[in-house]
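The values are calculated or read from the model by the stated rules, or taken from the named source; none is laboratory data. These numbers come from a predicted model, not from an experiment. Here the Cβ is made from the backbone with ideal geometry for all residues, glycine too, and neighbour counts use every protein chain on show.
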Amino acid sequence: MAKIKSTRGLYPIPEHQIRWVGIIFFIIIHGVGLIGTPLYIWHYGVTKAEWFLLSVYFVCTSLAITVGYHRLFSHVTYKTNTLFRFLLLFFGAATFEQSALKWSSQHRQHHQFTDTPQDPYDISKGFWYAHVGWILFYKHRVNYDNVPDLKSSKLVMHQHHWYSIWSVGAGMIIPMAIGFWMGHPLGVYIMTICLRMALVANSAFFINSYAHMVGSRPYDKTISARDHWLGAFLTNGEGYHNFHHKFPNDYRNGIRWYQWDPSKWVIFIGSKLNLAHDLKRTPNSMILAARTAA
Ligand SMILES: [Zn+2]
Ligand SMILES: [Zn+2]
């Protein structure tokens, strides 16, 4: 990860600003997704094809954030090929959680300034600020100096410059086209687009809120990041967050075989299928030393 100067000028404190577009977007996806889904199923029932599309989109887009935006683009915990990068950028854009470049820049800032005013999702401002308030009620100026490696990737930069087209295309137009083809456009709009986006957004937000508030700190007691099995379950394995903050370059977050970390399993299986290579693992001696010292 690039070394950055920690000055206030480079990372200004976010200004309070009501972000109406984001707020309306959030109200729509949560309202339509969470209220519309039971009403739709009660009224029309649901077909296997609708469930299938929802499941595929949910799994692929939520993993694109954890396997892609987080463990590949933000922390470079493994290397991969162009096809896999494209798929991660495609499904990542479909979550409407910003471009990989912006997401990673803010996430690296979060690791560098954890629990300080310059942490974009500073948990010391409370659960809701870290969960969603930081996006909906604050304007953050992003300093892209901390992502020089990503700026050299044409694919990452294409997704960044054409983010609106990528996200609307991957997250709305393609699923709606499939919905019309299946003969269930309303069901696809309510479930695969709105419900899925609401669930995936909250899953990612729990990493910044729940995983900094609930659980134990076996590796580093000086930071708010915590390990908790439920946090891991809600976030594709990111809930072993104390370990992650201590060893952010490790492709795993849950290091034990029984710990729920589907992101780690996808990267590991990807390495067996020649989609991922150079997986980084922290030596056991370092993990043990951190546990003993904490
Ligand atoms: Zn964190
Ligand atoms: Zn991280």
Item checked: Sole exception among (1) farther than 16 Å from Lys151 by Cβ; (2) away from ligand 1 (no atom under 11 Å from the Cβ) for His111, by number -> (2)
Check: Tally time: how many residues in segment 249-264 are of a type in the set (A, V, I, L, M, F, W, C) and either within 16 Å of ligand 2 (Cβ to nearest atom) or surrounded by fewer than 16 Cβ atoms within 10 Å (Cβ to Cβ) (or both)?
Finding: 2
Next item on the list: Could you list all residues from segment 224-258 that are under 17 Å from Ala130 (Cα atoms), part of a helix (DSSP H, G or I) and not hydrophobic (A, V, I, L, M, F, W, C)?
Entry: Gly231, His241, Asn242, His245
Checklist line | Members of segment 267-286 that are surrounded by fewer than 21 Cβ atoms within 10 Å (Cβ to Cβ), of a type in the set (Val, Ile, Thr) and either in contact (Cβ under 8 Å) with a residue 24 or more places away in the chain or within 13 Å of ligand 2 (Cβ to nearest atom) (or both) | finding: Thr282
Check: If Pro117 passes every condition in (1) within 16 Å of ligand 1 (Cβ to nearest atom); (2) within 19 Å of the chain's Cα centre (by Cα); (3) in a loop (DSSP other than H, G, I, E, B) but one, which one does it miss?
Finding: (2)
Checklist line | Asn236 being at pLDDT 95 or above and under 24 Å from Phe58 (Cα atoms) | finding: yes
Margin query: One residue is enough: does segment 210-223 have a residue meeting the conditions among the β-branched types (Val, Ile, Thr), in contact with a helix residue (DSSP H, G or I) (Cβ under 6 Å, 6 or more places away or on another chain) and either modelled with pLDDT under 95 or under 18 Å from Val67 (Cβ atoms) (or both)?
Written below: no
Next item on the list: For segment 238-248, state whether one or more residues are surrounded by 14 or more Cβ atoms within 10 Å (Cβ to Cβ), under 27 Å from Leu83 (Cβ atoms) and not charged (D, E, K, R).
Entry: yes
Item checked: Filter result for Ser224 (farther than 26 Å from Phe86 by Cα and within 16 Å of ligand 2 (Cβ to nearest atom)) -> yes
Note to self: Among the residues in segment 196-207, are any hydrophobic (A, V, I, L, M, F, W, C) and assigned to a loop (DSSP other than H, G, I, E, B)?
What the structure shows: no
Next item on the list: Would you tally the residues in segment 30-70 being surrounded by fewer than 16 Cβ atoms within 10 Å (Cβ to Cβ) and part of a helix (DSSP H, G or I)?
Entry: 14
Next item on the list: With the condition kept exactly as written, say whether any residue in segment 226-238 is out of contact with any Ser or Thr (no Cβ under 7 Å at 6 or more places or on another chain), among the charged types (D, E, K, R) and within 14 Å of ligand 1 (Cβ to nearest atom).
Entry: no
Item checked: Condition check for Ala290: aliphatic (A, V, I, L, M) and crowded, with 20+ Cβ neighbours inside 10 Å -> no
Margin query: If I ask for residues that are closer than 14 Å to His111 by Cα and either free of Cβ contacts under 8 Å to residues at least 40 places away in the same chain or touching a strand residue (DSSP E or B) at 6+ places or on another chain (Cβ under 7 Å) (or both), which ones from segment 217-243 would you list?
Written below: Thr222, Arg226, His241, Asn242, Phe243
Item checked: Of all residues making up segment 73-94, the number that are crowded, with 24+ Cβ neighbours inside 10 Å and not in a helix (DSSP H, G or I) -> 2
Check: So Lys102 clears everything in (1) charged (D, E, K, R); (2) part of a helix (DSSP H, G or I); (3) over 17 Å from the mean Cα position of the chain (by Cα) except one condition, right? Which one?
Finding: (3)
